[in-house]
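Okay, structure first, notes after.
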Amino acid sequence: MTELPLYQLVEATIAAPSVHNVQPARWRIAGDALLLFEDMSRRLAVGDPTGNDAAISLGAAAEGLRLAASRGGLTAIESRSALPAATDALRPVARFRFEPEAAIDPLAEWLDQRASWRGSFLPPTEADRTAAAALEADDARVVVEPAALAALANDFDRASYGFTRRRDFRGELRSWMRLGRSHPLWSNDGLNAEAMALSRVEAVGAGLVLGPLFGLLEKLGLARILLAEGSKVERGVAVILFHRPADEGPYESGRHFHRLWLAIERAGFGAAVLAALADDREAAGEISATHNIPSGHRLVSAFRIGRRSGPGYPRARLPLSSVLV
Ligand SMILES: Cc1cc2nc3c(=O)[nH]c(=O)nc-3n(C[C@H](O)[C@H](O)[C@H](O)COP(=O)(O)O)c2cc1C
């Protein structure tokens, strides 16, 4: 292989989802192979102290590589062999070599289009519910009944507030929020107001509620109300509960997470992640029991899905030069 296709493959991985859009994946071209690293400076010390979400994000990036390779008629073969030593800055994750292959992965064409949709959804129709139910899979439980969605909406607001009410969590979250276009990293990483579907006024409000006004608003019992997003869960077509074998590592789960999201995109739905449902132990336990998540599986994440009510928005991403090391 010449170097050019490897650059192109790395470029295609940049679209992969990552927690808070921190984009922890770094790539090195090593002859005919690609090395994947985790950029340790992108770890969320508060929100992700064990690196679980970082690993899911790295698995999603690795799956992006596989799909992009398949688009170019190549199979990406992953191994842990001959990895360089870890440094404080970079943790080596995997090595990929490439072999010719005929079949293009059917999900590959959705790689560049998938994006979080945090805006409102169109009112669901019966046809939408049927299309959503067709996304049911060995690792995806699709919930469409309105009463069950209302309960999940409530669970989500409770779980989410449990994290957000922590000052250190809010501080870290705000450090990844880009609330105005003048923010120097608006187009590069983190969560910008457009990606969060916030108008200018709402973005200013979010900065205040999550920042200096939080203590007062909490005392007044208003913080939870102002931060609640359950209505968006309720008004969607479905919630998809993503569950994987309990003994599977988050990197591997991340590959399947990305694939499920691409399948959601292929079905014409917009999706937003509801990680709090899986990250809050109590919520995850209750939901797993209520929705018959198979024993031996654990809830890894969840999505709310629906038909998008408007156009998309530009992706905020690091340039290729920043992800090559
Ligand atoms: C492990 C993980 C957890 C995530 N948790 C959330 C979440 O709780 N809420 C949310 O809106 N998006 C969540 N996301 C989605 C990311 O914020 C999103 O992928 C990132 O901002 C990049 O934007 P994109 O999906 O539009 O490409 C999560 C993604 C990953 C990989």
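In a reduced charge model with +1 at each Lys and Arg Cβ and -1 at each Asp and Glu Cβ, the range 126-306 shows a dipole moment near 660 debye about its Cα centre. Just the protein heavy atoms count here, and of the accessible area of the chain at 1.4 Å, carbon and sulfur take up 56 percent.
For the chain, the longest principal axis of the alpha carbon atoms and the long axis of helix 281-290 meet at an angle near 90°.
Ignoring ligands, DNA and RNA, what accessible area per residue does the chain give at 1.4 Å, in Å²?
Numbers: 14720 Å² over 325 residues.
Per-residue value: 45 Å².
Taking a ≥ b ≥ c as the square roots of the eigenvalues of the Cα gyration tensor of the range 3-112, is the shape rounded (a/c under 1.5), prolate (a/b larger than b/c) or oblate? Note, shape of the range 3-112 comes out oblate. Test of understanding: extend the Cα→C-beta vector of Gln113 to 7 Å, then name every residue of the range 251-286 with backbone N under 19 Å from that spot. Under 19 Å, as judged by backbone N against the label point of Gln113, lie 258-273 of the range 251-286.
Compared with the dominant principal axis of the Cα atoms in the chain, helix 250-266 is inclined by about 70°. Within the shell defined by Cβ-Cβ distances under 13 Å, the residues around Ala148 carry a net charge of -1, with Lys and Arg each +1 and Asp and Glu each -1.
Give, in nm to one decimal, the length gained when the segment between Ala89 and Leu122 is fully stretched (0.36 nm per residue of separation minus the Cα-Cα distance). Could you put the intermediate results ahead of the total?
On the way: separation 33, 0.36 × 33 = 11.88 nm, distance 4.40 nm.
Residue separation times 0.36 nm, minus the Cα-Cα distance, leaves 7.5 nm.
Taking Cα pairs under 8 Å and at least six residues apart, what relative contact order does the chain come out at, in percent?
Working: 569 pairs, mean separation 80.3, N = 325.
Worked out over the chain, it gives 25 percent.
Extending 7 Å from the Cα toward the beta-carbon at both Asn188 and Val46 defines two label points whose distance is 2.2 nm. Which one of Ser175, Ile293, Ala76 is farthest out on the positive end of the charge dipole of the chain, using unit charges on Cβ (Lys, Arg +1; Asp, Glu -1) and the Cα centre as origin? Final value for the positive-end residue is Ser175. For the chain, a Gaussian network of Cα nodes joined below 10 Å ranks Ser182, Ser116, Ser231 by mean-square fluctuation, and the top entry is Ser182.
Taking each pair of distinct Cα atoms in the chain once, what is the resulting Kirkwood hydrodynamic radius in Å?
Numbers: mean 1/r = 0.0489 Å⁻¹.
Result for the chain stands at 20.5 Å.
Applying 1/(1 + (r/R0)^6) with R0 = 56 Å to the Cβ-Cβ distance of Leu213 and Glu99 gives a FRET efficiency near 0.50. Taking the longest Cα principal axis of the chain as reference, the axis of helix 3-13 is set at about 10 degrees.
Rounded to 0.05, the FRET efficiency of the Ala150 and Ile29 pair, given R0 = 45 Å and the Cβ-Cβ distance, is 0.35.
Contact order normalised by length for the range 1-81, with contacts defined as Cα pairs under 8 Å and 6 or more residues apart; what percent is it? Relative contact order comes out at 33 percent.
The values are calculated or read from the model by the stated rules, or taken from the named source; none is laboratory data. These numbers come from a predicted model, not from an experiment. Positions of Cβ are backbone-derived with ideal geometry, glycine not excepted, and every protein chain shown enters the neighbour counts. Surface accessibility is based on the protein's heavy atoms, side chains included, excluding ligands, DNA and RNA. Shrake-Rupley method; radii C 1.70, N 1.55, O 1.52, S 1.80 Å.
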